[in-house]
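Okay, so here's the structure we're looking at.
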Amino acid sequence: DEMVTLREVALRVIESEKAKAEARDLTLELKGEGKDEAYPFSLLFTVMDNLVSNALRYTEKGGVTMEISGRGFSVKDSGRGMSDEEQARVFEPFYRGKTSKGHGIGLSLVKRICDDRGWEISLESNSGKGSRFTVTLGKEL
């Protein structure tokens, strides 16, 4: 697997999701630099792209911001947010919230990749105020 920096992967994710954002009149921006450490491209791309794609899917107006800092990144949206029940179950395989537009696979895959790599993923969400997923990566060996 190609080894790349957080910023390199983030730029590719933004490029791959840009048309989706523009088609719905949403903003999609990248902030920050991150460390120059290398990570496996395919796994990191899968995690980042899934989080950005979901954020765009559930945002009606405003946009999505990916922010890189140190050994991690966050994806924040201005969408509808999640209830406490949805937050508690969002990483379960095949779980779909009340207004889900997906199959319940993406976030469980993201969680599994993070767990397998020793990466941490967390979620902050308030109903009506959007969500922020934060991923903290360890040092790759």
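The figures follow:
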item	result
Any hit, the range 15-23, residues being open to solvent by 40 Å² or more (accessible area, probe 1.4 Å) and either in a loop (DSSP other than H, G, I, E, B) or in contact (Cβ under 8 Å) with a residue 12 or more places away in the chain (or both)	yes
Candidates ARG7, ARG12, filtered to the one that is more than 13 Å from the chain's Cα centre (by Cα) and touching a residue at least 60 places away in the same chain (Cβ under 8 Å)	ARG7
Candidate set from the range 31-50 (those that are of a type outside the set (Gly, Ala, Ser), over 12 Å from the mean Cα position of the chain (by Cα) and within 14 Å of VAL9 (Cβ to Cβ)); member that is surrounded by the most Cβ atoms within 10 Å (Cβ to Cβ)	TYR39
Close pairs from the range 61-84: first within 27 Å of THR5 (Cα to Cα) and of a type in the set (Val, Ile, Thr), partner open to solvent by less than 60 Å² (accessible area, probe 1.4 Å) and assigned to a strand (DSSP E or B), Cβ under 6 Å, at least 6 apart	VAL64/LEU28; VAL64/ASP77; VAL75/MET66; VAL75/PHE133
Residue that is surrounded by 13 or more Cβ atoms within 10 Å (Cβ to Cβ) and closer than 19 Å to ILE113 by Cβ, where the choices are SER78, SER53	SER53
Filter pass, ASP36 being in a loop (DSSP other than H, G, I, E, B) and more than 25 Å from GLY81 (Cβ to Cβ)	yes
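The values are calculated or read from the model by the stated rules, or taken from the named source; none is laboratory data. Small disclaimer: the values here were computed from a predicted structure and weren't measured. Virtual Cβ from ideal backbone geometry, glycine too; neighbours counted across all protein chains shown. Accessible surface is based on the protein model in full, side chains and every heavy atom, while ligands, DNA and RNA are left aside. Shrake-Rupley method; radii C 1.70, N 1.55, O 1.52, S 1.80 Å.
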